[in-house]
Amino acid sequence: MSLLDEIDPLKAEALVEFNAATNQSSLDRAKGAWLGPQGRFTGLMKQMGALSKEDRPLAGQAINAAKTEIEKALQEARERIELATAAPREPSDFTAPGRRPSLGRLHPLTQVTEDIVKSFRKLGFVVADGPEIEDEYHCFDALNTPADHPARDAQDTFYVASDGRPLLRTHTSSVQIRVMKEQKPPVRIIVPGRVYRRDTADATHNPTFHQVEGLYVDRDVTVADLKGTVEFVFRELMGSKTKIRFRPHYFSYTEPSFEIDFANSLTRKMGKDWLEIAGCGMVHPAVLEEVGLDPEEWSGWAFGFGIERIAMLRYGINDIRLFYENDTRFLHQF
Ligand code: DAH
């Protein structure tokens, strides 16, 4: 049998083997058996040298054509096996439990603020708000704050521009003025909101934080009303066994003024008998006059406290900066 006659049968046999390969090892074996150094098709090519000059071109063409076909079959087998053994693109276990989407929730400061608002609503208070970019009049002057008071310093207050001196409010007390100018007594409002001070951030300070302001103006309002209200709300927030104490203090917009301390199991856990929590007092006659109310006819009380402080105590958080980093490992705990 001549070499030419051997080509087709050999090629047919090789194609059968490559087409039958179902995995990498059977493919490797077929490749070695046909195209390897000792392979049967390689052997055929080696015989070319023994042909006569006349026969060689024809045989060469036939062998090359056959080789192309065999290599194509090898390539197809490779792709077929790769596809069959690759990781599945679709989940194949339809009984596997699904992935739960992770739900967001309210920020701890929002939760505490909502609780504070809820307690005051029970007593007939409504929520009011005012601008975070304030002016000196509402933040200081109308609150009877002296022109040379250190809180006004550029070291303590963020001034937004020198022209007209707009500033970022340093407390929510500015809203007292705005509301009393708008609304005739009786006034019963609370103002949760963001305030700004030029503090360097550390475990207990941040250049922006949150306060709640309270204001009640009516006829014959007394310190007893103030004390009763504060006691009710703090017991709701911090537990029914919470004790409250008023200490004399000074604020330019109240007279008399007090600081409020509280005591409960939380303060005892921190090794303290009393912990300062808020400032308050009876609205200063000069403030009432400034908003057009006669201090002989009207009286009122006001207070302000920090929301972060309450949240830190309630949840045992020891670094205020955690509230602003929005690390979900922190947020998921509330
Ligand atoms: N504005 C005060 C502060 O930022 C808190 C405060 C004290 C508010 C006494 C009041 C008040 O309304 O009567 O520290």
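Here, each number is a calculation from the coordinates, and none is a lab measurement. As the structure is a prediction and not an experimental result, all values here were calculated from the model. Cβ placement follows ideal geometry from the backbone for every residue including glycine, while neighbour counts extend to all protein chains displayed.
Give, as ranges by residue number, the residues of region 297-334 whose backbone N falls under 17 Å from the point 7 Å along Cα→Cβ of Ser265. Residues passing the 17 Å test: 313-317.
In this structure, Leu123 and Tyr159 have a Cβ-Cβ separation that, at R0 = 22 Å, corresponds to a calculated FRET efficiency of about 0.05. Between Gly36, Gly214, Gly271, the GNM of the chain built on Cα springs shorter than 10 angstrom shows Gly36 fluctuating the most. Calculated over region 30-156, the projected area of the Cα convex hull averaged across directions stands at 24.5 nm². Pairs of Lys residues in region 3-86 that lie 8 or more places apart, or on two chains, and have C-alpha atoms under 18 angstrom apart add up to 8.
Relative to the dominant Cα principal axis of the chain, helix 3-20 is inclined by about 30°. Annotation: amide H-H contacts under 5 Å for His210 (H modelled 1.01 Å from N, sequence separation of 5 or more, or interchain): Val195, Ile307, Glu308. Just tell me which aspartates and glutamates come within less than 18 Å, Cα to Cα, of Lys272; anything on the same chain fewer than 8 places away is out. Within the straight-line cut-off, Lys272 pairs with Glu259, Asp261.
Of all lysines in the structure, those lying under 28 Å Cα to Cα from Lys118, and not within fewer than 8 positions of it along the same chain, are Lys181, Lys184, Lys227, Lys241, Lys243, Lys269. Note on Glu132 and Ser25: the model spin-label points, each 7 Å out from Cα along the C-beta direction, lie 6.7 nm apart. Separation of region 49-87 and region 241-289 by C-alpha centroid, Å? What the calculation gives is 94 Å, centre to centre. Calculated translational diffusion coefficient of the chain (37 °C, 0.692 mPa s; Stokes-Einstein with Kirkwood radius over alpha-carbon pairs) equals 123 µm²/s. What are the chymotrypsin sites (Phe, Trp or Tyr not before Pro) within region 24-106 that DSSP puts in a loop, where the Cβ has at most 13 other Cβ atoms within 10 Å? For chymotrypsin sites (Phe, Trp or Tyr not before Pro) across region 24-106 that sit outside H, G, I, E and B with at most 13 neighbouring Cβ atoms in 10 Å, the list reads Phe94. Taken along the Cα-to-beta-carbon direction at a fixed 7 Å, the label points for Glu296 and Ala50 span 13.6 nm. Annotation for region 36-99: GluC sites (Glu not before Pro) lying in DSSP loop with at most 16 further Cβ atoms inside 10 Å of their Cβ are Glu54.
Using +1 at the C-beta of Lys and Arg and -1 at the C-beta of Asp and Glu, which of Val175, Pro185, Leu143 has the Cα lying farthest in the positive direction of the dipole of region 136-192? Farthest towards the positive pole: Pro185.
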